[in-house]
Amino acid sequence: MTARSFYWTCVSLALLLLGTSPAFALAFNVTTTADEFDAQCDTHCSLRDAIRTANNVNEENVINLPAGTYVLSRTGSNENHAAKGDLDIIGKISIVGTGGTETVIDGHQIDRVFHVMASSELKLQGITIRHGNS
């Protein structure tokens, strides 16, 4: 267990004992434009890793996406865990880029770019989405 996850576990437990729920968002900072996947968003964090990690937290989360072009390259379809193909959203996530011409998510025609599941929310700001394949 990482120090961050231990901290949030303790905060959540304390709030549960107090009978309240946390009303804050976690922030995940993407550090690479590569479409890599190890399901961890730590000092090395891809967009796919950030989404997978945010999906596993039951709060609204913010993913900070620096300027760059993020080309989806992990081929595959019909899975709903953001490991390959499209970026599956199963929680409440906001992805914030630095501007429409500066931050680009390119689907590379391998799949749709995002798959937002029922009762999930995706907010995009300052991002261009292109080359998805429905």
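The values are calculated or read from the model by the stated rules, or taken from the named source; none is laboratory data. Nothing here was measured: the structure is a model prediction, and the numbers come from that model. Because the Cβ atoms are built from the backbone with ideal geometry, glycine has one as well, and the counts that use them run over all protein chains shown. The protein model used for the area step is the full one, side chains on, heavy atoms only, and it has no ligands, DNA or RNA in it. Shrake-Rupley method; radii C 1.70, N 1.55, O 1.52, S 1.80 Å.
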Selected residue [in contact with a His (Cβ under 7 Å, 6 or more places away or on another chain) and modelled with pLDDT of 95 or more] from GLY126, GLY107: GLY107
Test: residue in the stretch 72-80 that is assigned to a strand (DSSP E or B), out of contact with any Phe, Trp or Tyr (no Cβ under 7 Å at 6 or more places or on another chain) and open to solvent by 20 Å² or more (accessible area, probe 1.4 Å): no
Among (1) open to solvent by 50 Å² or more (accessible area, probe 1.4 Å); (2) in a helix (DSSP H, G or I) - the single one ALA54 does not satisfy: (1)
Residue within the stretch 119-130 that is of a type outside the set (Gly, Ala, Ser) and in contact with a Lys or Arg (Cβ under 7 Å, 6 or more places away or on another chain) present: yes
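So which residues in the stretch 62-78 are among the polar types (S, T, N, Q) and at pLDDT 95 or above, if there are any at all? It would help to see each step written out before you state the result.
First pass over the stretch 62-78, keeping only residues among the polar types (S, T, N, Q): 64, 69, 73, 75, 77-78.
Within the stretch 62-78, ASN64, THR69, SER73 qualify.
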Selection status of HIS108, part of a loop (DSSP other than H, G, I, E, B), within 12 Å of ILE129 (Cα to Cα) and either of a type in the set (Lys, Arg) or open to solvent by 40 Å² or more (accessible area, probe 1.4 Å) (or both): yes
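With respect to SER119, determine if the residue is over 13 Å from the mean Cα position of the chain (by Cα) and surrounded by fewer than 19 Cβ atoms within 10 Å (Cβ to Cβ).
Details: over 13 Å from the mean Cα position of the chain (by Cα): yes; surrounded by fewer than 19 Cβ atoms within 10 Å (Cβ to Cβ): yes.
Spelling it out, SER119 is indeed over 13 Å from the mean Cα position of the chain (by Cα) and surrounded by fewer than 19 Cβ atoms within 10 Å (Cβ to Cβ).
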Matching residues, the stretch 19-32, being hydrophobic (A, V, I, L, M, F, W, C), part of a loop (DSSP other than H, G, I, E, B) and modelled with pLDDT of 95 or more: VAL30
Failed condition for ASP35, given (1) assigned to a loop (DSSP other than H, G, I, E, B); (2) open to solvent by less than 70 Å² (accessible area, probe 1.4 Å); (3) modelled with pLDDT under 95: (3)
Where a residue in the stretch 46-64 is over 20 Å from THR103 (Cβ atoms) and its partner, wherever it lies, is open to solvent by less than 10 Å² (accessible area, probe 1.4 Å) and among the aromatic types (Phe, Trp, Tyr), with Cβ under 7 Å and at least six apart: none
Single unsatisfied condition, ILE95 versus (1) over 15 Å from the mean Cα position of the chain (by Cα); (2) surrounded by 20 or more Cβ atoms within 10 Å (Cβ to Cβ): (1)
